[in-house]
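The structure under discussion appears below in the form of structure tokens.
Computed from the coordinates by the stated procedures, all read-outs in this text should not be read as laboratory data. Bear in mind the structure is a predicted one, so any value in this text is a computation, not a measurement. Note: ideal-geometry Cβ built from the backbone for every residue, glycine included; neighbour counts use all protein chains shown.
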């Protein structure tokens with residue numbers, strides 16, 4: 001950690017922000033890339049919210065027939081929601097990665113520009129095509145990659161250009177780069193592998209053997225999440241280091257130790273999703289033991305949070321810092337839940353219930369989205385500063401923004417808590433049944449589940465909409 | 001400061017771990033290939049995106065039930081009506097007979113409790129609401145026509161959607177309140193033709209004329225004896241689950 005802050009823990013976002021700098025003489029193509037992916041990420045999150053809200057309404061039994069009558073059901077809403085939620089994470093992270101290239105990449109070459117064009121066009125084409133075809137109910141019927149596999153080609157073409165553009169800058173100095181570059185560098189290749197593995201079902205031999213397919217699918221999905229986690233955690237370390245004006249942590253042994261534990265989990269602990277599948281005992285045991293190493297990360301996160309709570313921070317509100325702080329709270333909660341549900345008997349009781357959804361939503365919104373929003377606010381703040389505003393604080397770091405971020409987190413907390421309650425009740429009632437009995441939810445749960453899901457979801461949507469209403473016009477008005 | 005050599009070692013160790021886990025997954029000897037009909041059923045499963053609401057081995061959405069082991073407990077007629085007419089939140093897929101058979105074959109192939117289960121079950125029969133309802137009927141000893149009506153009702157898979165004394169999650173109404181809204185003529189219409197526009201198929205096999213009277217008597221009895229039934233059902237609650245049977249690993 002910085003010599004100026006010897007008594008502070010690792011949390012980079014806890015240190016004093018450096019004065020907002022207006023970057024000079026940056027290649028316009030790189031600025032264009034940052035801004036384009038930032039806008040794409042915001043559009044993706046808006047689509048995710050709309051589809052998610054409609055899906056929440058559909059979960060109310062009385063509303064479902066009316067939605068069916070206008071041609072809407074879960075076959076469109078759920079894949080749109082999950083695909084664009086994933087896109088938001090990858091695009092938001094891409095904006096931050098391209099922001100990094102602004103500083104490190106120097107002038108863009110002709111090849112850089114071409115690859116950037118191909119990346120933007122292929123991803124934009126894939127996004128529009130996926131949205132259109134899913135609305136027409138044309139898709140793969142798979143988890144996470146619910147779109148038609150033809151679009152996977154476009155995504156991969158864009159991704160290869162992305163990898164090329166990043167590695168052209170970092171390739172030669174890769175081993176000297178800070179930890180976040182290693183995270184992004186690994187994630188870039190890791191994604192390609194896991195994305196290819198997600199498509200193993202296209203092989204007739206895999207498709208015709210569903211148990212094997214599910215083993216592979218769970219593995220691919222678990223590790224795909226691992227790849228976007230690397231982008232997200234790289235983002236918080238990168239942005240935290242920049243606003244602190246200090247990257248000591250980015251080269252520290254602590255950072256690499258936590259990276260090792262985290263990536264080991266991403267690589268191998270997907271097995272805790274598959275305890276109930278017939279598979280090698282080795283996969284189960286490795287997954288379980290590695291999952292338990294998350295206790296180390298949890299202990300560190302609790303320590304950081306304890307320091308955060310004790311610190312009396314006199315600084316004025318910063319939207320980026322607020323999001324990063326919220327992510328810290330969520331990290332503790334989700335890691336605690338993660339360790340618990342990785343214990344095989346507990347996993348056996350809760351798998352296939354809303355506990356899993358609550359856990360995934362807490363991780364995706366509470367940790368990933370909060371970190372990325374922090375990154376997006378920071379990147380966008382630079383654009384706004386450049387356009388003549390004296391400091392970014394006047395644009396995004398307002399009292400209203402503070403209320404929105406607090407409201408959003410409370411809304412997500414209510415949603416996640418409800419999903420856990422609903423899932424636990426289901427889990428216990430279901431476990432009490434005999435193998436040949438159909439599960440029917442208790443009457444109170446059956447009557448309230450959809451409504452509570454939609455209500456808490458609506459609160460989240462309202463705060464997200466308020467947030468986007470402030471951020472999107474500024475993002476689309478900004479100039480590269 | 002971490003040296004480049006240390007970083008290379010670190011990444012190599014991680015990569016080795018990943019390769020080992022990958023090899024373990026791909027080299028697993030337990031393969032259960034599907035028949036041609038089941039493969040076609042699986043294609044329909046993905047074409048119609050069944051997994052957005054249903055799960056197989058925990059993979060999929062949570063709006064509908066896990067179908068890993070559904071084959072053994074879903075009546076074929078009920079399955080056909082679900083796949084063609086739909087029910088509440090489940091849209092009508094209008095599958096052909098061949099397609100229904102293919103999906104059925106696929107679900108049959110998935111229902112292998114000896115291999116693995118989609119959901120943990122530790123209990124015995126008496127846990128379900130309808131099992132407790134059956135206990136209440138036995139205890140209350142209604143007249144013979146009501147008992148015959150209950151038997152006819154229970155053998156038509158009506159219990160797949162309806163719940164005793166409560167509306168169901170799939171929006172099937174509480175039948176003990178049906179007589180408040182429907183007269184005998186309307187009940188006869190529903191029991192013979194269903195309410196397709198509201199997701200209720202016509203009962204298959206159709207009720208015999210004598211059975212229709214019995215079922216209407218049964219529905220009427222539920223309305224009259226509602227409190228007594230609820231009391232009897234409450235007396236039979238209490239978990240039948242044996243927590244000690246909870247295994248460390250579900251399957252080996």
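Structure summary
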| item | result |
| --- | --- |
| At R0 = 56 Å, FRET efficiency that the Cβ-Cβ distance of residue B:231 and residue B:112 yields, to 0.05 | 0.85 |
| Label-point separation, residue A:69 to residue B:223 (7 Å along Cα→Cβ), nm | 2.6 nm |
| Whole-angstrom gap from the range B:77-101 to the range A:142-172, using each part's C-alpha centre | 38 Å |
| Amide N proximity, the range B:75-90 versus residue B:97 label position 7 Å along Cα-to-Cβ, cut-off under 19 Å | B:76-86 |
| Structure-based [θ]222 nm, chain A - -39500 (n - 2.57) summed over DSSP H runs of at least 4, per residue, nearest 500 | -24500 deg cm²/dmol |
| Whether chain B is rounded, prolate or oblate, judged on the alpha carbon gyration tensor where a/c under 1.5 counts as rounded | prolate |
| Gain upon complete extension [residue A:410, residue A:343; 0.36 nm per residue less C-alpha separation] | 21.3 nm |
| Alpha carbon centroid spacing (whole Å) that separates the range B:108-167 from the range B:24-56 | 29 Å |
| Nearest 10 degrees, 0 to 90: helix B:226-235 Cα axis against chain B principal axis | 40 degrees |
| Cα shape, chain A, gyration tensor, a/c 1.5 rule | rounded |
| Cα centroid of the range A:404-480 to Cα centroid of the range A:222-301, whole Å | 26 Å |
| Rounded tilt (10° steps) of A:74-104 against the dominant C-alpha axis of chain A | 20 degrees |
| Sites residue A:336 and residue A:313 - FRET efficiency at Förster radius 30 Å, r taken between beta-carbons, to 0.05 | 0.80 |
| Between 0 and 90°, nearest 10: helix A:150-170 axis offset from chain A longest Cα axis | 30 degrees |
| Helix-only [θ]222 nm of chain B, DSSP H runs n ≥ 4, -39500 (n - 2.57) each, per residue, nearest 500 | -15000 deg cm²/dmol |
